[in-house]
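Below is one structure, written out as structure tokens; comments come after it.
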Amino acid sequence: MRNLAYFALIAAAACGGAPAGNGDDILLIDARSTGGDGGGAGDGDGGAPIDAPGNGVPALRHCTGRAFTPTPAAGFATVGGTLVALGGAANHGGEDIVTPPGTPVSARARFTYGTTATALDQEPVAVWLDDCNGWHALGTHTTAAGQLDVPVDVTLAPGIYEARFEVLGDASVTVSYLWILPTGSHIAVTDIDGTLTTSDTELFVQILLNSYVPTAYPSAAALTTTHAAKHHVVAYITGRPTFLAIASRQWLADLGFAPGPLHLTTTTAEGLPTNTGVGDYKKAWLQSLTAKGYVLDLAYGNATTDIYAYEGAGIADTKQWIIGTNAGMNGTNAVMDSWAARVAEVQAMPVVAQPFSP
């Protein structure tokens, strides 16, 4: 979580933007899609079938990392759209979804520009989904107050599916992932700022200085990859706003953190560093996961709001590891300065019995 300095930096951080990419300059979480290179113009040429492994549980499909070529910019449909885009760089953000197979699922994203993250309203956006056979078109949809919520019209087996959103006016692109996980899936939860990074404002320094790489705690990335090696799904929940989605994904990928669903705030109120702000926002999302039948095995954080959210979602204090000044609060496991000792503990854990084969 962050301290109050976050709010002083938030507007400046948006100035240069965490710009939405164009096609393949968005670094993906994974590159295990099969089939030919797809693109915005149509489907690729088929993915290999995914069979159940010998233990009888379904294999998790990895429909991500396929090449994507945006269609050429067509110019904005409205005067308002043109003016919004003149206000600064695109900083769109997709919302990762975690839901069981057979339940309704949508591809969601927010589209904003400039220092104040001004919403792009009434502009067409083409939406595509990698279904492991190529880029499946979900149609062109018009933003409403900068948002899209597009129902997926294909049945998705357990897996990770990449969605791409292209603003047709300027060909700016953002990405999200649909994590279709069977009920009973085990999840390890972690905060980012002050938990994986050494301070609450590292990301904003990166954006302000462009080339700056936020400093991670020693063994932070190894903590997540070790959990992934034990077959945990690692979920990242953060008080960062959606317009920092691309920068957050890039940092996680560049430093070698395990792939996992990323959940960000959509309102200023959700990011306030209080229990009724970011605490309740985190608690609500975690409670939504347990309501879907997922198992939250343990959690990592640094702030009192993290402890509040984890407790509210049913994660026992003894299953929380808190780093920094609040280490050990409420009977949580205390961590100081490095995750190395905890990595060794996780390495000694048995492999998690998931209802899918990774």
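Since every read-out is calculated from the coordinates, none of them should be taken as a lab result. Note that the coordinates shown come from a computational prediction; the quantities given were computed from them, not determined experimentally. Backbone-built Cβ (ideal geometry, glycine too); neighbour counts: all protein chains shown.
Observations
- Of all lysines in the structure, the ones whose alpha carbon falls short of 17 Å from that of LYS282, not counting any fewer than 8 places away in one chain, are LYS292, LYS319.
- Length released on extending from ALA74 to ALA145, taking residue separation times 0.36 nm less the Cα-Cα span: 23.5 nm
- Here the simple spin-label model places points 7 Å from the Cα toward Cβ, and for VAL154 and ALA253 these points are separated by 2.0 nm.
- Model label points for ALA229 and ALA137, set 7 angstrom from Cα along the Cα-to-Cβ axis, are 4.5 nm apart.
- Each of MET336, MET329 has some number of other Cβ atoms within 10 Å of its Cβ, and from fewest to most they run MET336, MET329.
- On full extension, the segment bounded by ASP337 and ASN275 gains 19.8 nm, given 0.36 nm per residue less the C-alpha separation.
- Sorted ascending by nearby beta carbons within 10 Å, beginning with the fewest, ASP200, ASP130, ASP149 become ASP149, ASP200, ASP130.
- Förster-model FRET efficiency, 25 Å R0, VAL295 and ASP317, C-beta, rounded to 0.05: 0.90
- If R0 is 30 Å, the Cβ-Cβ spacing of SER106 and THR325 corresponds to a FRET efficiency of close to 0.15.
- Burial ordering of TRP135, TRP321, fewest other beta-carbon atoms within 10 Å first: TRP321, TRP135
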